[in-house]
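Reviewing the structure listed below.
The values are calculated or read from the model by the stated rules, or taken from the named source; none is laboratory data. Everything numeric here is computed off the predicted structure, so don't read it as measured data. When we count neighbours, we look across all protein chains shown, and the Cβ atoms used for this are built from the backbone with ideal geometry, even at glycine. Calculation scope for accessible area: heavy atoms of the full protein, side chains included, ligands and nucleic acids excluded. Shrake-Rupley method; radii C 1.70, N 1.55, O 1.52, S 1.80 Å.
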Amino acid sequence: MRYLTFALTKGRLARQTLALLEKCGITCEEMKDPDTRKLIFTNEEYKLKFFLAKGPDVPTYVEYGAADIGVVGKDTIDEEGRKLYEVLDLGFGKCRMCVCGPARAKELLQHQEQIRVATKYPHIAKEYFYNKKHQTVEIIKLNGSIELAPLVGLSEVIVDIVETGSTLRENGLEVLEEVCPLSARVVVNRVSMQMESARITKILNALKEAL
């Protein structure tokens, strides 16, 4: 029997996923060692391998078959646009993708005015403004603190993830429109889903029951 490989998003999502897998009886003790230098971890009982990756890389590993199964945020799935199956909402890591800005920007959104939008998620922003709102905007890709953009006049609004909204409030910004709800999702490689259907379905069913 070949190994099934999991790609987990580094950080909190990985910890929450491993806790959920433990509820299903699937453990990987060596991953808990904070001093380990290993990159790939193994569960011999179930013939599983695990590795940690940065969020945006998880869908890439899964699409190309380097991982059979991945756990990653919905924002990353939508932004990366990879060819894979999104099969299960794990319900944790909940937040929202929103259009945010100063209160005065609300009018610009309502009147479909041409505005500049700063974001780490250009694909999601384009999809929302062009295809849902049918509003022409100029999208500016940023990598750092997105909240800065409207404060220094780079853009009228931003598209970003909102968890509590405290950073927005501290900077005089607010949620103007919600783009979509977000949470951790399980994704599966398309070929793996056909070749290893029984084993993958068994794991997915166990995860569902443990939620």
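Residues in the range 121-143 include at least one that is over 26 Å from Ala184 (Cα atoms), of a type in the set (Asp, Glu) and touching a Ser or Thr at 6+ places or on another chain (Cβ under 9 Å). Look at the range 1-19: where a residue is closer than 20 Å to Glu44 by Cα and touching a residue at least 12 places away in the same chain (Cβ under 8 Å) and a partner is assigned to a helix (DSSP H, G or I) and open to solvent by 20 Å² or more (accessible area, probe 1.4 Å), sitting 6+ places away or on another chain with Cβ atoms under 7 Å, you get Leu4/Arg199; Ala7/Tyr61; Leu18/Met31. Does Phe129 meet the test of being among the aromatic types (Phe, Trp, Tyr), in a strand (DSSP E or B) and either touching a strand residue (DSSP E or B) at 6+ places or on another chain (Cβ under 9 Å) or loosely packed, with under 15 Cβ neighbours inside 10 Å (or both)? For Phe129, the condition - among the aromatic types (Phe, Trp, Tyr), in a strand (DSSP E or B) and either touching a strand residue (DSSP E or B) at 6+ places or on another chain (Cβ under 9 Å) or loosely packed, with under 15 Cβ neighbours inside 10 Å (or both) - is not met.
Considered as a group, the residues in the range 1-32 that are open to solvent by 70 Å² or more (accessible area, probe 1.4 Å) and more than 21 Å from Gly91 (Cβ to Cβ) include one that is nearest to the chain's Cα centre (by Cα), and that residue is Lys32. Residue check: is Ile77 under 29 Å from Thr60 (Cα atoms), open to solvent by less than 40 Å² (accessible area, probe 1.4 Å) and touching an Asp or Glu at 6+ places or on another chain (Cβ under 7 Å)? Yes. Within the range 153-174, the set of residues being touching a residue at least 60 places away in the same chain (Cβ under 8 Å) and open to solvent by 50 Å² or more (accessible area, probe 1.4 Å) comprises Ile161, Glu163, Gly172, Glu174. Within the range 1-37, being part of a loop (DSSP other than H, G, I, E, B), farther than 21 Å from Gly65 by Cα and not polar (S, T, N, Q) holds for Gly11, Cys24, Gly25, Ile26, Cys28, Asp33, Pro34, Asp35, Arg37.
Against the test of being β-branched (Val, Ile, Thr), without any contact (Cβ under 8 Å) to a residue 24 or more places away in the chain and under 30 Å from Tyr130 (Cα atoms), the options Thr60, Thr27, Thr76 yield a single qualifying residue, Thr60.
Only one entry in Lys49, Lys38, Lys106, Lys94 is closer than 19 Å to Leu21 by Cα, open to solvent by 40 Å² or more (accessible area, probe 1.4 Å) and more than 15 Å from the chain's Cα centre (by Cα), namely Lys49. Checked against (1) surrounded by fewer than 18 Cβ atoms within 10 Å (Cβ to Cβ); (2) under 14 Å from the mean Cα position of the chain (by Cα); (3) among the aromatic types (Phe, Trp, Tyr), Tyr64 passes all but condition (2).
Of the residues in the range 39-66, how many are of a type in the set (D, E, K, R) and part of a helix (DSSP H, G or I)?
Selection size over the range 39-66: 2.
Taken together, the residues in the range 184-203 that are surrounded by fewer than 16 Cβ atoms within 10 Å (Cβ to Cβ) and touching a Leu at 6+ places or on another chain (Cβ under 9 Å) amount to 1. In the range 67-81, of all residues being part of a strand (DSSP E or B) and hydrophobic (A, V, I, L, M, F, W, C), the one that is farthest from the chain's Cα centre (by Cα) corresponds to Ile69.
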